Amino acid sequence: MLFPFAMTSTTCSQSLPPSDSYVYILINSTIYDSLSSSLLTHRQDLENAGFSVEIPQEFGNTSESIRNFLQNEASIHEIAGVLLVGDVPYASFEMNDTGCGYEKFPCDLYYMDLNGNWTDSDGNGIYDMHTNETGDLEPEMWVGRLYASTVPGSETELLINYFVKTHRFRTGELTLPKRALGYVDDDFVESYADDVNSSLRMVYDNETTLIIDTETTNAADYKNRLNDTLGYEWLHLVSHGSFEKHAFRNSSGQSDVYPSDVESIDPHVLFYNLATCDAAYYLFPDYIGGSYIFTNTYGLLVVSSTKLGAMLNYNDFYGPVAEGKCIGQAFKEWFEKNGEIYPFFYYGLTLLGDPTLRAPRVCDVAVTSVTPSKSVVVRNQTLPVNVTVKNKHAFTETFHVQTYANTTFVGNKTVTDLPPLATKTLTFIWNTTGIIKGNYCLNATAVLLGDCDPNDNKLVCWVEVILEDDVAVSAVIPSETVVVQNRTLSIIVTVENKGNATEIFNVTAHANATTVIGTLEITLTRRNSTVITFDWNTTNVAKGNHILSAIAMLSDDDDPEDNTCIDGWVAVILKDDIIVTSVAPSRTAVSQGHSISVNVTVENRGNSTATFNVTAYANATSIGETTVVNLLPLATGTLTFDWNTTDVAKGNYTISAYAHPIPGETYTADNTFTDGWFLVMIPGDINCDSEVNVLDMLVLKIVIDQGKTVEEFPFGDINCDSEVNVLDMLVLKIILTAG
């Protein structure tokens, strides 16, 4: 087997982790304050992605104490993974391979496997044995590193910019075409090219480009592809190299790509699998793995190794990525299957960047039709509903289809292994037993995690649920809303048979619920309606407003609530009918000798123009009489009577008005209207004690000082000018002086 010398690989809708999955962010204390704002944003981003987040400030200052801390936290929470930010302590591991020799390297598997046993057998401070004892050798969580102190530039500025990039990616501001580049140098084409190609296609299908030509793969060509402004979501590189470079070999010799090249190009790539030995050895200055994730604009995550070796069996990694799992979870699942197959080759594998990021494959299913066997169904029957779905993209898909009637669950079916571009029709059976009659929205939804176009995942249609026996009255409309007593008008009633059977039943129309207008028997076929007319003779019907209603009487009606309709009204009027509707004095108090106005409103409730006299009264005393000339039918008029109270005895007077009957008027009970009163008072008797003295002066002063109006204190308006002020005080003084 050839090893890469110094070797190893955006989003649409993303599946969420369990709500109890915790992410711990451990930050070197010396940079914590500088990153506080970035951490707040990053924390919110992770919580929006469905994680719970812990950012402890105390977690230990050695790899052993940090592992103990994580073990203790794992007994409390289900930890998805840990992001180590800054110079967080690492564990060193040493190995000796027959074919490759001795290596010492940072090993983040030490944190990932919390229940395995790590041993320093020779006591030199470097772990050299990893055994299961009471635990196992598989990782319990993922670990990612953001190690920037060995990358050129300000450590804090590099980290702040990195968090800006991940935030822009999560909010959709930072995107690249959904395509992948596999770049395999000459020595590794035979062993790895097919696996690189097939695994990338699990995520990107036909949008995968594989470069394997022996004369093409060199440093210049690789840099040109990094310069591609269209860009790639994922780049998987297999080449020789080390922490300080990628080394490409062909018949012309070796050409190299250095971290400075990557930094200056700022490649349009988001995710990398770098099968280049030592590329993730973050302790070395300007390590090439760091150059990819700390570029200005793109570069979010690198999978690589801190030693000789790289990821193989790529399908075990790209498969979970294609399912929409975060890259950290995909890396953990790969390690569970492969980590102990070849520890020398795999123990240095490391994630550089934020492992909670996702890059799921392009997948798209749709619901193309929802077709019930009929659009109207009788309650308690079953209704077959055919739902057709389509796989619109290039991967075989397994997904669920759920159907609802409004919010009532109808069914759930699984579509298994639907080929690309294929369709399938599922039949759901909706049992309408006990369902309330009415229109229902039947909706079908295809549920596929990571679907890149969920807008076409749902489709609806409408079905009406009816009853077996169900008649209703839907409208009652008079031919006119005002009718003269003794005339006949038509009452038009709309009746519906909403049910499934032909019905024979009676319909009765009423006025004011108690007066039967008439009853008719009708026959009405299913799902049909008709209009019937009742003739209402209003002879001897009392004048006034009459509420109209109609009732359909069907003894076995399944829904009698809509059998009665109260809708519309008719005003029965007389041919000759005048009334007084209101009487109102202009004020409630008047001093003897002053005038008061009385407003009287009259109405012609009859059907002919009327001329009549109106007399206004204060108690039994006539205030005046006026003639109303040619008042039109249903019109109103207002009359004003002025009454001079000179020589009128002081006291309360009740106001009334009388409209003298006109020829032909038979109903006169409403010709008289009594309403309102006013007080005739002794001028200056403010306190109404029948005397005018200094007490009245005192009361009037208080009222004026308080700014009361004539409406609030009518007794203070002595001069009847509709105001209470110093003029009234002056009049009162004159009255008092005159004795």
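Give the range 601-632 a look and list any residue that's closer than 20 Å to ASP675 by Cβ and not in a strand (DSSP E or B), or say none. ARG605, ASN619, ALA620 - these are the residues of the range 601-632 that are closer than 20 Å to ASP675 by Cβ and not in a strand (DSSP E or B).
For (1) of a type outside the set (Gly, Ala, Ser); (2) within 55 Å of the chain's Cα centre (by Cα), each residue gets a yes or a no:
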site: ASP557; (1), (2): yes, yes
site: TRP569; (1), (2): yes, yes
site: SER591; (1), (2): no, no
site: SER597; (1), (2): no, no
site: THR609; (1), (2): yes, no
site: VAL628; (1), (2): yes, no
site: LEU632; (1), (2): yes, no
site: TYR658; (1), (2): yes, no
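Which of the residues spanning the range 376-423 are basic (Lys, Arg), farther than 30 Å from ASP469 by Cβ and in contact with a Leu (Cβ under 6 Å, 6 or more places away or on another chain)? Correct list: LYS413 only. With respect to the conditions (1) touching a Gly at 6+ places or on another chain (Cβ under 6 Å); (2) at pLDDT 95 or above; (3) assigned by TED's automatic domain parsing to the domain that holds TYR282, TYR347 falls short on a single one, namely (1). The residues of the range 657-678 that are in contact with a Lys or Arg (Cβ under 8 Å, 6 or more places away or on another chain) and assigned to a strand (DSSP E or B) amount to a single one, PHE678.
A quick yes/no check of all residues on (1) buried (at least 17 other Cβ atoms within 10 Å of the Cβ); (2) of a type in the set (A, V, I, L, M, F, W, C); (3) closer than 22 Å to ASP576 by Cα:
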residue	(1), (2), (3)
PHE612	yes, yes, yes
ALA620	no, yes, no
GLU625	no, no, yes
ASN630	no, no, yes
ALA635	no, yes, yes
THR645	yes, no, no
ILE655	yes, yes, no
ALA659	yes, yes, yes
PRO683	yes, no, no
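Considered as a group, the residues in the range 446-477 that are β-branched (Val, Ile, Thr) and touching a helix residue (DSSP H, G or I) at 6+ places or on another chain (Cβ under 9 Å) include one that is surrounded by the fewest Cβ atoms within 10 Å (Cβ to Cβ), and that residue is VAL473. Pairing residues of the range 450-469 that are closer than 30 Å to GLU323 by Cβ with residues that are hydroxyl-bearing (Ser, Thr, Tyr), at Cβ distances under 7 Å and at least 6 apart in sequence or on separate chains, gives GLY450/SER13; GLY450/SER15; ASP451/SER13; CYS452/SER13; PRO454/SER13; ASN457/THR445; LYS458/THR445; LEU459/SER369.
Could you please find all residues in the range 240-266 being assigned to a loop (DSSP other than H, G, I, E, B) and either touching a Ser or Thr at 6+ places or on another chain (Cβ under 7 Å) or at pLDDT below 95 (or both)? SER251, SER252, ASP266 - these are the residues of the range 240-266 that are assigned to a loop (DSSP other than H, G, I, E, B) and either touching a Ser or Thr at 6+ places or on another chain (Cβ under 7 Å) or at pLDDT below 95 (or both). Specify the residue that is farthest from the chain's Cα centre (by Cα); the eligible residues are those in the range 480-512 that are exposed (fewer than 12 other Cβ atoms within 10 Å of the Cβ) and in a loop (DSSP other than H, G, I, E, B). Going through the qualifying residues, I end up with GLU480. For the range 313-324, the condition holds for at least one residue, the condition being that it is closer than 30 Å to ASP453 by Cα, modelled with pLDDT under 95 and aliphatic (A, V, I, L, M). Within the range 526-557, if we keep just the residues that are small (Gly, Ala, Ser) and assigned to a strand (DSSP E or B), the residue that is surrounded by the fewest Cβ atoms within 10 Å (Cβ to Cβ) turns out to be GLY544. Among the numbered conditions (1) more than 37 Å from the chain's Cα centre (by Cα); (2) buried (at least 22 other Cβ atoms within 10 Å of the Cβ), the only one that ARG145 does not meet is (1). Can you name every residue in the range 667-703 that is small (Gly, Ala, Ser) and under 21 Å from THR588 (Cβ atoms)? If the condition is that a residue be small (Gly, Ala, Ser) and under 21 Å from THR588 (Cβ atoms), then GLY676, GLY684, SER690 are the ones that fit.
The lone criterion from (1) more than 25 Å from GLY450 (Cα to Cα); (2) out of contact with any Phe, Trp or Tyr (no Cβ under 6 Å at 6 or more places or on another chain); (3) surrounded by 20 or more Cβ atoms within 10 Å (Cβ to Cβ) left unmet by SER191 is number (3).
Within the set GLY637, GLY651, the sole residue that is at pLDDT 90 or above and assigned by TED's automatic domain parsing to the domain that holds TRP677 turns out to be GLY637.
Look through the range 131-142, keep the residues that are over 45 Å from the mean Cα position of the chain (by Cα) and among the acidic types (Asp, Glu), and return whichever of them is modelled with the lowest pLDDT.
Taking the range 131-142 and keeping what is over 45 Å from the mean Cα position of the chain (by Cα), we get 131-137.
With among the acidic types (Asp, Glu) added as a condition, the list becomes 133, 136.
Working: GLU133: 73, ASP136: 86.
That would be GLU133.
Name the residue that is nearest to the chain's Cα centre (by Cα), counting only residues in the range 175-186 that are of a type in the set (D, E, K, R) and surrounded by fewer than 21 Cβ atoms within 10 Å (Cβ to Cβ). Walk me through how you get there before you give the answer.
Taking the range 175-186 and keeping what is of a type in the set (D, E, K, R), we get 178-179, 185-186.
Subset that is surrounded by fewer than 21 Cβ atoms within 10 Å (Cβ to Cβ): 178-179, 186.
Details: LYS178: 29, ARG179: 33, ASP186: 54 Å.
Checking each candidate, the answer is LYS178.
With a requirement of 2 or more residues that are under 30 Å from the mean Cα position of the chain (by Cα) and not hydrophobic (A, V, I, L, M, F, W, C), the strands (runs of 3 or more DSSP E) lying completely within the range 322-392 that satisfy it span 365-372, 382-391.
Name the single residue, out of those in the range 577-590 being modelled with pLDDT of 90 or more and crowded, with 19+ Cβ neighbours inside 10 Å, that is farthest from THR481 (Cα to Cα). Let's see the steps before the verdict.
If we filter the range 577-590 for residues that are modelled with pLDDT of 90 or more, which is where we start, we get 577-585.
Next cut, crowded, with 19+ Cβ neighbours inside 10 Å only: 577-580, 583, 585.
Values: ASP577: 18, ILE578: 19, ILE579: 20, VAL580: 23, VAL583: 28, PRO585: 35 Å.
Restricting to residues being modelled with pLDDT of 90 or more and crowded, with 19+ Cβ neighbours inside 10 Å, the top hit is PRO585.
Scanning the range 363-388 for residues that are over 24 Å from ARG201 (Cα atoms) and of a type in the set (A, V, I, L, M) turns up VAL367, VAL370, VAL376, VAL377, VAL378, LEU383, VAL385, VAL387.
For the structure I just gave you, tell me whether PHE51 is buried (at least 21 other Cβ atoms within 10 Å of the Cβ), hydrophobic (A, V, I, L, M, F, W, C) and in the same structural domain as LEU300 (by TED's automatic domain parsing). Don't jump to the end; show me each part of the working.
On the way: buried (at least 21 other Cβ atoms within 10 Å of the Cβ): yes; hydrophobic (A, V, I, L, M, F, W, C): yes; in the same structural domain as LEU300 (by TED's automatic domain parsing): yes.
Judged against the criteria, PHE51 is a match.
Given the criteria touching a helix residue (DSSP H, G or I) at 6+ places or on another chain (Cβ under 8 Å), β-branched (Val, Ile, Thr) and surrounded by 15 or more Cβ atoms within 10 Å (Cβ to Cβ), does ILE718 qualify?
It is true that ILE718 is touching a helix residue (DSSP H, G or I) at 6+ places or on another chain (Cβ under 8 Å), β-branched (Val, Ile, Thr) and surrounded by 15 or more Cβ atoms within 10 Å (Cβ to Cβ).
Applying the condition of being assigned to a loop (DSSP other than H, G, I, E, B) and touching a strand residue (DSSP E or B) at 6+ places or on another chain (Cβ under 7 Å) to the range 68-106 and asking which residue is surrounded by the fewest Cβ atoms within 10 Å (Cβ to Cβ) yields HIS77.
The values are calculated or read from the model by the stated rules, or taken from the named source; none is laboratory data. If you're wondering where the values come from, they're calculated on a predicted model, not measured in any experiment. Note that each Cβ is placed from the backbone with ideal geometry, even for glycine, and that neighbours are counted across all protein chains shown.
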